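The values are calculated or read from the model by the stated rules, or taken from the named source; none is laboratory data. All values reported here derive from a predicted model rather than from experimental measurement. Here the Cβ positions follow ideal geometry from the backbone for every residue, glycine too, while neighbour counts run over all protein chains shown. For the accessible areas, the whole protein counts, side chains as well, though only heavy atoms, and no ligand, DNA or RNA atoms are used. Shrake-Rupley method; radii C 1.70, N 1.55, O 1.52, S 1.80 Å.
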Amino acid sequence: MLLAPATALPVLLVWVVLGAMAVAGVVPAAVAAVLTLIAVALVSRALHLDGLADTADGLTSGHDPERSLEVMRRGDTGPAGAASLVFVLLLQTVCLAALFNSASGVALASVALLTSRVAPAVASRRGVPPARPGGLGAAVAETVSPVAVAAVATGLLVAGTLVVLTVGGTAYAAGLVVVVGAAGAWLVVRHTVRRLGGITGDVIGAAIEVSLAAALVAASVAHGL
């Protein structure tokens, strides 16, 4: 779970290349934004998006945790799941298109991508139980120290700040992206624990996608200031 940001490095390379092409005017920024998200979906086999849809359907199916977990286990996408996919992907696309107009914007988008991969560690930290026996949630729940989560996030913040400063960005921008992205993951986990009693693999996927959207919003805001 702590090494999850490293799994995003191949996708990060694609993001940087497409972002550079957009900055150079080779590819329209909106097209580059869509292509970057396609790359993420292909590498992850859309598992994170599936988790987002299943979690949204489960949380809107009623107040009974058992019913919510059964809806999530079925895996068919309902109205809430479909709407969450549309809105989250649309938000991510718009933010990326706004960021792909300068080198500092591309750097902030890269920080947002890596920040979203801190979400699995946030969801797996000690004190967060599994919602049910079996599955990914039960396998990884409570396996990560909160100190280790903070250390990874801090390291990402420092590295991101150095990169953003190198390409002419502002000193606080990367920090804002990391903090907001991590907060997005924490809120998803907190809410699902209250509603479901713990986490599942779907919740981890949802936390990643919401974290990415939150981090990209923070990045676009910081970039525009």
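Quick notes on this structure:
- Residue match in region 106-128 (condition: among the small types (Gly, Ala, Ser), touching a helix residue (DSSP H, G or I) at 6+ places or on another chain (Cβ under 6 Å) and open to solvent by 40 Å² or more (accessible area, probe 1.4 Å)): no
- For region 156-168, taking the residues that are open to solvent by less than 40 Å² (accessible area, probe 1.4 Å) and more than 17 Å from the chain's Cα centre (by Cα), the one that is nearest to Val106 (Cα to Cα) is identified as Val164.
- Pairs meeting the criteria (first residue in region 174-197 and closer than 23 Å to Ser104 by Cα and open to solvent by less than 30 Å² (accessible area, probe 1.4 Å), second residue of a type in the set (Ser, Thr, Tyr) and at pLDDT below 95, beta carbons under 6 Å, at least 6 apart or on different chains) are Ala174/Thr161.
- In region 23-34 there is at least one residue matching the filter, namely being farther than 17 Å from Gly160 by Cα, touching a helix residue (DSSP H, G or I) at 6+ places or on another chain (Cβ under 9 Å), open to solvent by less than 10 Å² (accessible area, probe 1.4 Å) and part of a helix (DSSP H, G or I).
- Meets criteria (within 28 Å of Gly197 (Cα to Cα) and surrounded by 18 or more Cβ atoms within 10 Å (Cβ to Cβ)) for Ala53: yes
- Among (1) part of a helix (DSSP H, G or I); (2) more than 22 Å from Leu52 (Cβ to Cβ); (3) in contact (Cβ under 8 Å) with a residue 12 or more places away in the chain; (4) of a type in the set (S, T, N, Q), the one test that Ser211 misses: (2)
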